[in-house]
Amino acid sequence: MFDTIVFFSLLFVLFVYLVFLHFRWEKKLRFYVKKIEEDKSQIIQLEKMASLGTLSAGVAHEINNPLTFLITNLSLISSYAKEITDVKDIDDRNKTIANIEESVQECCDGANRIKRIVQDLLTFSHASKGRRSCDDINKLLDATIRILWNEIKYKADVVKDYKATTHVWVDANKVSQVFLNLILNAAAAIKQVTSQEKGTISVSTTEDDKNVIVKVIDTGPGIPKKVYSRIFDPFFTTKGGTGLGLHVSRKIIMNHGGALEVEATSGKGTTFVVSLPKGKSLKQDE
Ligand SMILES: Nc1ncnc2c1ncn2[C@@H]1O[C@H](COP(=O)(O)OP(=O)(O)O)[C@@H](O)[C@H]1O
Ligand SMILES: [Mg+2]
């Protein structure tokens with residue numbers, strides 16, 4: 001009898017201890033899961049910042065052109081304004097007024113160009129709020145190409161062929177980051193082949209019953225067989241980059257219920273294919 005009591009008491013103590021351990025480990029596990037989630041979004045943000053860093057000089061240059069244009073026209077307007085008070089002849093006066101109007105119009109064009117560049121840039125620099133909206137993929141691609149223009153214009157001609165018309169539910173900020181990575185990689189690959197001749201980056205959109213499909217094709221050297229299976233691995237790089245671009249891009253597309261695949265033959269260019277499911281509001285966040 002005594003033995004039985006001792007046995008059950010020990011069993012009870014063991015049970016209480018196991019329950020205690022269970023809660024302790026569950027708390028720890030929740031802590032680490034939260035930390036991993038935080039690290040994951042930090043990696044995505046870091047990767048984006050690295051791309052933006054590469055682009056910043058180019059973007060500054062893109063803003064500098066219309067800004068110079070704007071300043072030149074403003075100083076022209078200023079000298080016309082001084083001139084107009086001395087002009088007595090009505091025809092000369094009308095000519096000066098027409099010149100002022102023309103310069104004002106050019107100032108507006110320059111200012112609008114700067115506004116568009118800044119807006120495109122904001123699409124990328126904001127940390128994503130994880131919101132999805134029904135977006136036109138063609139417009140997202142155009143905004144991405146505009147942002148990258150200074151980076152790619154000397155390396156490649158961009159050929160666009162947009163046939164998809166259905167909008168898709170995406171986190172525009174994140175999906176733009178994917179296009180940015182793919183086009184930057186394409187431009188970098190082309191640069192490897194020759195620094196003299198320009199290559200071509202073809203960007204196309206099509207759709208089938210279920211998906212909107214984006215292809216980014218370059219005339220670079222392709223991907224050697226021995227690295228082919230590793231390009232989506234985190235931190236894998238052959239060009240001293242972050243090695244996170246493709247890893248993060250695939251994650252983003254998979255979280256949208258889509259797929260990011262590569263078709264490449266060594267020596268014959270590379271094709272990246274992004275498929276995004278259409279027609280439904282997918283799970284809201286990752
Ligand atoms: N278009 C491409 N052509 C050839 N190789 C590519 C291309 N895109 C990616 N790669 C290869 O995949 C690797 C990983 O790419 P990514 O994850 O974007 O990292 P990173 O650009 O920082 O190197 C690149 O270093 C390169 O070897
Ligand atoms: Mg990259």
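Nothing in this text is a laboratory measurement; each read-out follows from the coordinates by a stated rule. Predicted model only: the values in this text are computed from it and were never measured. Ideal geometry is used to build each Cβ from the backbone, glycine not excepted, and the neighbour counts take in all protein chains shown.
Only helices enter the 222 nm calculation for the chain: every DSSP H run of n ≥ 4 contributes -39,500 (n - 2.57), and dividing by all residues gives -21500 deg cm²/dmol, rounded to 500.
Given R₀ = 22 Å, what would the calculated FRET efficiency be for GLU261 paired with GLN119, taking r from the Cβ atoms and rounding to 0.05?
Details: r = 31 Å, r/R0 = 1.42.
Efficiency, from the Cβ-Cβ distance: 0.10.
Nearest 10 degrees, 0 to 90: what angle lies between the long axis of helix 137-152 and the longest principal axis of the chain (Cα atoms)? Helix 137-152 sits at roughly 70 degrees to that axis. The stretch between LYS191 and LEU14 holds 57.1 nm of extra length on full extension. This uses 0.36 nm per residue minus the Cα-Cα distance. Distance between the pseudo-spin-label points of PHE7 and LEU67 (7 Å out from Cα toward the beta carbon): 8.5 nm. Using 1/(1 + (r/R0)^6) with R0 = 25 angstrom and r between the beta carbons of ASP208 and SER229, what's the FRET efficiency to the nearest 0.05? It comes out at approximately 0.40. In the stretch 33-104 the Cα-Cα distances spread across 10 Å bins starting at 0 as 17, 24, 16, 14, 12, 10, 6, 2 percent of all pairs.
Contour minus end-to-end for GLU83 and LYS34, with contour as 0.36 nm per residue of separation and end-to-end as the Cα-Cα distance?
10.8 nm
I need the Kirkwood Rh of the stretch 70-223: take the reciprocal of the average 1/r across all distinct C-alpha pairs and report it in angstrom.
18.7 Å
Of the residues ALA186, GLY258, VAL214, the one whose Cα sits farthest toward the positive end of the charge dipole of the stretch 132-277, with +1 on the Cβ of Lys and Arg and -1 on the Cβ of Asp and Glu, is ALA186. Cβ-Cβ distance of ALA50 and ASP161, R₀ of 30 Å, FRET efficiency by 1/(1 + (r/R0)^6): the value works out to about 0.50.
Roughly what percent of Cα-Cα pairs across the stretch 66-113 reach past 12 Å?
59 percent
Within the chain, the percentage of alpha carbon pairs spaced more than 23 angstrom apart rounds to 65%. Globularity index of the stretch 132-277 is 0.99 (Cα radius of gyration / 2.2 N^0.38 Å, N = number of residues). Rounded to the nearest 20 debye, the dipole magnitude of the chain is 1140 debye, with +1 charges on Lys and Arg beta carbons, -1 on Asp and Glu beta carbons, and the Cα centre as origin.
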